Every structure is written in structure tokens, then in C-alpha cells.
1. Going by what's in this entry, would residue 31 be described as within 18 Å of the chain's Cα centre (by Cα), modelled with pLDDT under 95 and not in a loop (DSSP other than H, G, I, E, B)?
2. Restricting attention to the range 51-70, which residues are in a helix (DSSP H, G or I) and without any contact (Cβ under 8 Å) to a residue 12 or more places away in the chain?
3. Within the bounds of the range 83-92, is there any residue that is closer than 16 Å to residue 36 by Cα and exposed (fewer than 12 other Cβ atoms within 10 Å of the Cβ)?
């Protein structure tokens, strides 16, 4: 019974690594993609919104018709950007989860 609590405690200590500690892990034993996927998704959506807004403002500075056309294209482009970023992040997270599950099943034991 004490062996089980010791293993759980050791696993809990390994999971308490901070962002920079995981980021600077040169042995690549810890994956950060799953833990920070929400953050990465939010950053990419914000960047897409900033770029789309910039294009719309530049379009309206040229002319009103150019601005309206740019606004329409920006909305469509932003939707496609959201779709692309979501699919790409889901693919990455699925790959890392698969790698973790294979490592656990083969006895590699790479936890998060």
C-alpha cells in the first residue's frame, strides 16, 4: 500500500513543473502542447483578428468600396483561419496524446 502512495506522490511532483522548466527541458520528456493548447489557440485567434482588422482599415483608407470588399473578405478569411488553427491544434494534441499513450503502454513512462 505504501508503494502505491509513493508512486502517486512522485507522479504528482513531476506534474508540478512550471512553464519555463518544461519549455527548457532539453531531454524532451515533458510535452507542453496539450497543457497550453488553449493559450496557443487564443493567441492565434487574436493575431488573426488583428491582421484582419488591419486589412479592413487599410481597405477603407483606399476607398469605401475597397473597404467593404476587404471587410467581406476579412470575415471569410477569419472564419477559414479559425478552422485551420483549430484543426492544426487538434491534430497536434492528438499526436502528442497518442505518443504519451504508446509510451505508457510500452513502459516508457513519459507522463505529460
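1. Working: within 18 Å of the chain's Cα centre (by Cα): yes; modelled with pLDDT under 95: yes; not in a loop (DSSP other than H, G, I, E, B): no.
No.
2. Residues of the range 51-70 that are in a helix (DSSP H, G or I), as a first pass: 51-62, 64-70.
Of everything in the range 51-70, those that are in a helix (DSSP H, G or I) and without any contact (Cβ under 8 Å) to a residue 12 or more places away in the chain turn out to be 51, 54, 57, 60, 61, 62, 64, 65, 66, 67, 68, 69.
3. Step one: of the range 83-92, the residues closer than 16 Å to residue 36 by Cα are 85-92.
From what's left, exposed (fewer than 12 other Cβ atoms within 10 Å of the Cβ): 87, 91.
Looking through the range 83-92, at least one residue is closer than 16 Å to residue 36 by Cα and exposed (fewer than 12 other Cβ atoms within 10 Å of the Cβ).
The values are calculated or read from the model by the stated rules, or taken from the named source; none is laboratory data. These numbers come from a predicted model, not from an experiment. Counting neighbours? That spans all protein chains shown, and the Cβs are built from the backbone with ideal geometry, glycine included.
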